[in-house]
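Comments concern the structure below.
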Amino acid sequence: MFKYYGKYAPYLFILPAAIVLVIFFFIPFFQTFVLSFMDYSKDIYNPNFVGWQNYIQLFHNPIFYKVLWNTFIYLFVAVPILAIFPLFLAILINQKIRGVTLYKILIYLPVIVSIVVAAIAFKWLYAEQGILNYAVSTIGINPIGWLTDPKYALYSVIIVTIWKGIGYYMIIYLAALMSVPKELYEACDIDGANFLTKHLTVTVPHIMPTIALVTTISAISAMKVFAEIYVMTKGGPLNSSKTIVYYIYERAFENLDLGFASAMAVVLLIIVMIFSLINIFCFERNKYQI
Amino acid sequence: MKKLLEKLTIHSILIAVSLLSIFPFIWLISTSLKGNSENIFAYPPQIIPTDFTFDNYIGVWDKVNFIGYFVNSMIVAGGTVLLNLILSAMAGYPLARMEFKGKKVTFFAILATIMIPFQAIMLPVYLITLKLHLVDTVNNLAGFIGLIMPFAVSAFGIFLMRQAFLSIPREMEEAAIVDGCNVFQVFWKVLIPMVKPSLAVLAIFTFIGSWGEFLWPSIVLTKEAMYTLPVGVNNLQGMFSSNWRFIAAGSILSTIPILIFFLSMQRYFISGENEGAVKG
């Protein structure tokens, strides 16, 4: 094709997006590292360079390890459930049955509702004299401090994240299931395979890339949880439900210790970048081919 | 017979999961409709209110400026959508169709932003926003711009538009150029009308993401008059401390707009065609 555009046209088209990305992504990206070597805690307007001090403080802080541990529990509980259960639902919805659209709408509903409303709704379910404690009392269990007992608070919050994510991943799986050849299922039916073997031998191997994709996206979003914790527990009790992003927020905007919070942000950045690299290079490569 | 049993099992599982998906909202609605003479902590819990009333809705509507929150959310989400459409389409076009120096670098720089979570860079973003005076303490307009700009464009949008442009046959442009169009006319009059479906997808998913955004507005906003719906709803907890009837009514009220949006656009969300349209 002949070149119909001037020398500067490509740059003019990219310029507006580039300005936004430079100001709100690239400069902040590098500045995060710079901030992590500064001390803001004495005078927020005149930070001074302190070298590795924030990192030393961070690695000597027991809360840091608690927060890191909580975040990994979040990953280990939420990610497997979000990778497997929505697939199971997608397979069920993909059978020739009535009412598929209604099921999809109802199960997708938590995805579009504001996370703040979702967290408030669960806080109400979890209330001390709430409906969940009534439910457990009917089977003879004493009231549980869902959000007030350090043993349970983190898991109670994780349930909200899982509940809000199921519909989203189910739709991703449904799209992937369309690509599985129907003849393979028919062959299984002739062999008399049951539901489980049929899907373990045909469906799962066929949509492995999607399973892997869902695993990494749900891992990345589990690393970034904030609103659930902010609305329901504020990280408590006793830091038991505090995760990385909430801790960054707390140190930066409540303690005004931007340097320490930035060191924490660098840790988050590194972990998320590793997940994203895996995601881009293994699963979404074709989407980003130059 | 075996087939019937199988279908029955599938339906019962799906009905159970559907109920679990909406139950937290049902219980919230139930609580919001209970009057003062009914104990909302009663055991066993009552789903159908015995003292049925809309008073909680009226009460919370009088005390909380929902229209204000709604308008603020519309301004922020609308502005974010508009900028994303314009900036993504503009940036996606040369990446799909033109050869220029630095194309590879630009491509990978944009790709790299996918790996940078906003939560990790939000502190410098906040400092920059302050420095640019884009906060509500300056004036409301500056406040809105500050809420919008960090999300004005995304790598996801740029790549989505690039893909859309790649799928258009080159003959379309060639014909237009022969007819005497310049590059801007080709872009605006020939290409943009042809990528409308992708623009619609980008608009809808950007809107949902922006509408639900909570972290950034709760960092930058200082004035209640500037609150968006999620920030306003979170604030209900403080305003009505333990008046769960009001908190429930307010939460439900705030959900109505996005519910209408979802139900009218549901095919975009649940058809699965837009898989990969990643949430915020």
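Bear in mind that the values in this text are calculations on the coordinates, not laboratory data. Remember, it's a predicted structure, so these values are computed and weren't measured experimentally. Virtual Cβ from ideal backbone geometry, glycine too; neighbours counted across all protein chains shown.
Return the residue satisfying two criteria in turn: it lies in the stretch B:40-90 and is aromatic (F, W, Y) and in contact with a Phe, Trp or Tyr (Cβ under 8 Å, 6 or more places away or on another chain), and of such residues it is farthest from B:S254 (Cα to Cα). So that I can check it myself, show each step before the final result.
Initially, the stretch B:40-90 is screened for residues aromatic (F, W, Y), giving B:41, B:43, B:52, B:54, B:57, B:61, B:66, B:69-70.
Adding the requirement that they be in contact with a Phe, Trp or Tyr (Cβ under 8 Å, 6 or more places away or on another chain) leaves B:43, B:69.
Numbers: B:Y43: 29, B:Y69: 9 Å.
For the stretch B:40-90, the residue satisfying everything is B:Y43.
Please list, ordered by first then second residue, the pairs with beta carbon atoms under 8 Å, 6 or more apart or interchain, first in the stretch B:157-180 and more than 10 Å from chain A (Cβ to nearest Cβ), second part of a helix (DSSP H, G or I) and among the β-branched types (V, I, T).
B:M172/B:V190
Give the number of residues within the stretch A:159-188 that are outside any helix (DSSP H, G or I) and closer than 16 Å to A:F88 by Cα. Spell out the reasoning first.
Filtering the stretch A:159-188 for residues outside any helix (DSSP H, G or I) gives A:178-181.
Filter once more, keeping what is closer than 16 Å to A:F88 by Cα: A:178, A:180.
Looking only at that region, the number is 2.
Can you tell me which residue in the stretch A:102-136 is surrounded by the fewest Cβ atoms within 10 Å (Cβ to Cβ), limited to those that are touching a Pro at 6+ places or on another chain (Cβ under 7 Å), within 8 Å of another protein chain (Cβ to nearest Cβ) and part of a helix (DSSP H, G or I)?
Step one: filter the stretch A:102-136 for residues touching a Pro at 6+ places or on another chain (Cβ under 7 Å), giving A:114, A:116, A:118, A:121-122, A:125, A:128, A:131, A:133-134.
Going one step further and asking which of them are within 8 Å of another protein chain (Cβ to nearest Cβ), we end up with A:114, A:116, A:118, A:121-122, A:125, A:131, A:134.
Imposing the further condition that a residue be part of a helix (DSSP H, G or I) reduces the set to A:116, A:118, A:121-122, A:125, A:131, A:134.
Numbers: A:V116: 27, A:A118: 27, A:A121: 26, A:F122: 26, A:L125: 19, A:I131: 20, A:Y134: 15.
This residue is A:Y134.
Only one of these is of a type in the set (S, T, N, Q) and more than 13 Å from chain B (Cβ to nearest Cβ): A:N54, A:N61. Name it. Break it down stepwise before answering.
Working: A:N54 fails: more than 13 Å from chain B (Cβ to nearest Cβ).
Every option except A:N61 fails the conditions.
Taking only pairs six or more apart or across chains, which ones have beta-carbon atoms under 9 Å, a first residue in the stretch B:29-49 that is within 12 Å of another protein chain (Cβ to nearest Cβ), and a second residue that is assigned to a loop (DSSP other than H, G, I, E, B) and of a type in the set (G, A, S)?
Filtered contacts from the stretch B:29-49: B:F41/A:A127; B:F41/A:G130; B:P45/A:G130.
Would you point out the residue of the stretch B:123-165, among those that are in a loop (DSSP other than H, G, I, E, B) and not hydrophobic (A, V, I, L, M, F, W, C), that is surrounded by the most Cβ atoms within 10 Å (Cβ to Cβ)?
At the first step, the residues of the stretch B:123-165 found to be in a loop (DSSP other than H, G, I, E, B) are B:132-139, B:152-154.
Those still in the list that are not hydrophobic (A, V, I, L, M, F, W, C) too: B:133, B:136-137, B:139, B:154.
Working: B:H133: 12, B:D136: 20, B:T137: 13, B:N139: 11, B:S154: 27.
The extreme case among them is B:S154.
Provide a single number: the residues in the stretch B:117-135 that are closer than 19 Å to A:F37 by Cβ and out of contact with any Pro (no Cβ under 7 Å at 6 or more places or on another chain).
Residues of the stretch B:117-135 closer than 19 Å to A:F37 by Cβ: B:120-128.
If we keep only those that are out of contact with any Pro (no Cβ under 7 Å at 6 or more places or on another chain) too, we end up with B:120, B:122-123, B:126-127.
Residues that pass the stated criteria total 5.
Answer yes or no as to whether B:V186 is within 13 Å of chain A (Cβ to nearest Cβ), buried (at least 21 other Cβ atoms within 10 Å of the Cβ) and free of Cβ contacts under 8 Å to residues at least 24 places away in the same chain.
Working: within 13 Å of chain A (Cβ to nearest Cβ): yes; buried (at least 21 other Cβ atoms within 10 Å of the Cβ): yes; free of Cβ contacts under 8 Å to residues at least 24 places away in the same chain: yes.
So B:V186 fits the description; yes.
Is it the case that some residue within the stretch A:59-72 is over 24 Å from B:I116 (Cβ atoms) and not in a helix (DSSP H, G or I)? I'd like the intermediate steps shown before the answer.
So the first thing to find is which residues in the stretch A:59-72 are over 24 Å from B:I116 (Cβ atoms), and the list is A:60-63, A:65-66, A:69.
Now restrict to residues that are not in a helix (DSSP H, G or I): A:60-61.
Within the stretch A:59-72, one or more residues are over 24 Å from B:I116 (Cβ atoms) and not in a helix (DSSP H, G or I).
Looking at this structure, is B:I256 surrounded by fewer than 23 Cβ atoms within 10 Å (Cβ to Cβ), at the interface with chain A (Cβ under 9 Å from one of its Cβ atoms) and among the hydrophobic types (A, V, I, L, M, F, W, C)?
On the way: surrounded by fewer than 23 Cβ atoms within 10 Å (Cβ to Cβ): yes; at the interface with chain A (Cβ under 9 Å from one of its Cβ atoms): no; among the hydrophobic types (A, V, I, L, M, F, W, C): yes.
Criteria not met by B:I256.
Any idea which of A:P209, A:P237 is surrounded by fewer than 20 Cβ atoms within 10 Å (Cβ to Cβ) and part of a loop (DSSP other than H, G, I, E, B)? Don't jump to the end; show me each part of the working.
Details: A:P209 fails: part of a loop (DSSP other than H, G, I, E, B).
After ruling out the rest, the residue left standing is A:P237.
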